[in-house]
């Protein structure tokens, strides 16, 4: 009865929206009551009865038009109705606008009245997918859904739950169905290193989000580069990733060797990934496209409100200039990608074919970078994610298969005013003080680079690059020094020399550079390789010879955690480790770092919550309360759990 009421409600809303446009849309004229009733009835009948039947023939068209085709087909139906029902006149402009307005009106009413249509949507998806799966055998073994909340530390998760912002997760904890366990990332604490480890079991040779390959003409490798991401995946993949056995990857950086990939950065060149039944099920409904558009516009308003609120309250630290493009970036991450992740995952659950699904929500990480990790905006984003998790869980009722659902994060974030805000100078500007004036520095310290939605700004960057005749590329080729950053982790490459320079060589070639950097009060430590003692971490007050576990003076790693030396030794072993690794200072009293990028919440280095993500797992997994260090360990843990749970179920049957 409850489902029937929701269906009737949806029909009434849709019918009412159609009726309204027949009365008030310019260029849309219906001269008789009979024509009005006939028109609204035919269009409503098509959308609720015939549309699901037609989908099998128009799926390809919808896939290639990203759902816009739904409005074009609705326009076609209205035009045909006009031909056969007397008393109707519709202009071309009204014909094109009417379907969009109907969908927007229905979505606005639904959102305003807070009407949940998840069951209606799930049944429609089930109807669409049923013909694809009706001959599939039922699965006795459970499936696994991994939902990653990018950039959310264990501490901030607990704050969100305490504030009542994540009631779904809170309920799981109260009922005792799930437990939270923290883990520690590798260095660096950012998405590419963590997802490589979690999904592929290997994140070796990923020293940061961006690094320099000295062996390839000082090429800068960017983890989400359209060409670089596939190459990185080739290096880390052995074909046996977390999703290799009948898995699906949705809006991730890497695929985990899944055969099914939806907007996965390392496979973006494969256009066939857009043709997926679960995704088509979502954008085949005009209502969904309209709802996303409304939520997208609403997020633009939220960003405007956020800027005004922080300006009015004189919030510190804060970014005073977030830029125009950030409006689109934020809405893309918090709305568009969120909805794709949510409803594609729902489709996979209803189909019941995939053994494992891994999807990422990027919204919190994006907003926390610019607003601060505990800002009101961040908790609102987490609230929206919690609601989508609830919808994903509810979809299991429409599936013939049971799923284990695990929530996790790949890293956290640490707050703090930026290095430039604190000291009035950027890292590359400070480095330049200790170099000969003839040396040319190239830097990339810009923000938003570790977010999936960078694809929106790529066309703009390409056009700008062409208009300036490749100025960026020319400057890079001329540079003798390249300075990069991932949060409060800085990487300095002295590219005049084709090999990694050691401390003694740097002191000879650039006297005063290491001493000058180490003496800055905003720098916690430097790491370099020495000629005879291996890697050393140093600052103005002391040195720590890592390979020998020997400290001279004060230990520069004291405030960075007990595993800091271990992480640095691992990074030192990478092929593309920088000549000089720089870590900003970490204030244990305020729990703040100073990012070299212009980001308030940052990650990539050491210090604070950025290296302390979590997993929230079903209690039946019976995990040991052990220390979990490194994302490769998480991969191994998940693999073992999946094998154990499935083997147990097979023994039962």
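No value in this document is a laboratory result; all are computed from the given coordinates. Note that the structure is a prediction, hence the values are computed from the model and not measured. Positions of Cβ are backbone-derived with ideal geometry, glycine not excepted, and every protein chain shown enters the neighbour counts.
Below is a table of values for the structure above.
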item	result
Rounded Å value of the spacing that divides the Cα centres of the stretch 338-367 and the stretch 389-449	21
Extended-chain gain in nm, criterion 0.36 nm per residue less alpha-carbon gap, residue 562 and residue 45	179.6 nm
Three-way shape label, the stretch 142-201, alpha-carbon gyration tensor, a/c 1.5	oblate
Taking 612, 477 and counting other C-beta atoms within 10 Å, the order from fewest to most	477, 612
Packing rank of 171-177, 193-199, where each peptide gets the mean count of other beta carbons within 10 Å, highest leading	193-199, 171-177
Gyration tensor (alpha-carbon) shape descriptor, the stretch 517-653, a/c threshold 1.5	prolate
Sequence of 322, 496 once ranked by neighbouring C-beta atoms within 10 Å, starting from the fewest	496, 322
Tensor-based shape of the stretch 161-280 (alpha-carbon gyration tensor, a/c under 1.5 rounded, otherwise prolate or oblate)	oblate
Least to most buried among 153, 383, 519, 266 (fewest other Cβ within 10 Å first)	519, 383, 153, 266
